[in-house]
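The values are calculated or read from the model by the stated rules, or taken from the named source; none is laboratory data. Just so you know, these numbers come straight off a predicted model, no measurement behind them. Note that we place each Cβ from the backbone using ideal geometry, even for glycine, and neighbour counts take in every protein chain shown. Please note that ligands, DNA and RNA were not included when accessible areas were found on the heavy atoms of the full protein model with its side chains. Shrake-Rupley method; radii C 1.70, N 1.55, O 1.52, S 1.80 Å.
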Amino acid sequence: MLSAISAGVVPLGNIQAAADPSRLASHRIAIVIDDLGNGMQGTQDMLNLPIPLTVAIMPFLPTSKQDAEAAFKKGHEVLVHMPMEPFHGKKSWLGPGAITTDLTDDEIRKRVEGAIANVPHAIGINNHMGSKATSDPRVMAVIMQVCREKGLFFLDSKTTPTSKAPEESTRAGVPLLQNGLFLDDVYTHAHVSKQIRLLFEKSRKEADLIVIGHVGVPGKITSSALREAIPALQKEAEFVHLSDMLPWPQPIPR
């Protein structure tokens, strides 16, 4: 079935799948779209997808509040997409209010609290970049403390296998979720098509699967690929909001 797709040749909408009610009851997919907040291309395309979405919005940017309000009005969930220091790359790439490992505990707290206040309707935080910052237990301990105080959960984007988010979230008593697949970490049609195929494969094996895509350079590519794949994916699994996967008795009220 999936082998019929070759990058850029066979439309993803041509995938066929037989609906299986028992699978739909036990397999769920949460789509998270990162990098909103700066009027990036593909933003409206993503918000108009006919499925529940969770959108991660970078704080302190020209359309941060506007994008958060637009997403909320469409029934999507909102996260703070917290800029955090990577192992490689320039700090200047992160944007305003970034969390870096040279900051004091007080400054980290101040920046996280400010970001939360800047993004309306946020119910959680995930990291933008952040391989170095998420690997630092001191930094993550402060972030988790703020999450606990504000009643937010944390989504680890898993930009590094050395992330300390699991340990520090446990210590702080903060619910943690983890990314299972990047759709567009390479900005090409061929790569996104390959990742969509992998999404089908993983959705059949994993009861709960969290998938991250982006607006910006890959925004149009990813939104189009998702739109084409949705009908077939809906025969394999149920699309849900991210909070529906939280290890809590009930999802976050909306």
For this session: Working carefully through the options Ile252, Ile212, find the one that is of a type in the set (A, V, I, L, M), more than 18 Å from Pro50 (Cβ to Cβ), modelled with pLDDT of 95 or more and out of contact with any Gly (no Cβ under 8 Å at 6 or more places or on another chain).
Result: Ile212
For this session: For the stretch 85-94, name all the residues that are under 17 Å from Ala115 (Cβ atoms) and in contact (Cβ under 8 Å) with a residue 40 or more places away in the chain.
Result: Glu85
For this session: Could you list, in sequence order, all residues of the stretch 69-120 that are at pLDDT below 95, surrounded by fewer than 16 Cβ atoms within 10 Å (Cβ to Cβ) and part of a helix (DSSP H, G or I)?
Result: Lys91, Ser92, Trp93
For this session: Among the residues of the stretch 121-141, write down those that are assigned to a helix (DSSP H, G or I) and either of a type in the set (Phe, Trp, Tyr) or open to solvent by 10 Å² or more (accessible area, probe 1.4 Å) (or both).
Result: Ser131, Lys132, Pro137, Arg138, Ala141
Exercise. Can you tell me which of Ala172, Ala165 is surrounded by 23 or more Cβ atoms within 10 Å (Cβ to Cβ) and touching a residue at least 12 places away in the same chain (Cβ under 8 Å)?
Worked result: Ala165
Exercise. Which condition breaks for Arg23 when tested against (1) of a type in the set (Lys, Arg); (2) modelled with pLDDT of 95 or more; (3) over 18 Å from the mean Cα position of the chain (by Cα); (4) closer than 20 Å to Leu233 by Cα?
Worked result: (2)
Problem set entry | Residues (of a type outside the set (A, V, I, L, M), open to solvent by less than 40 Å² (accessible area, probe 1.4 Å) and in a helix (DSSP H, G or I)) located in the stretch 175-213 | His191, Ser193, Gln195, Phe200, Ser203
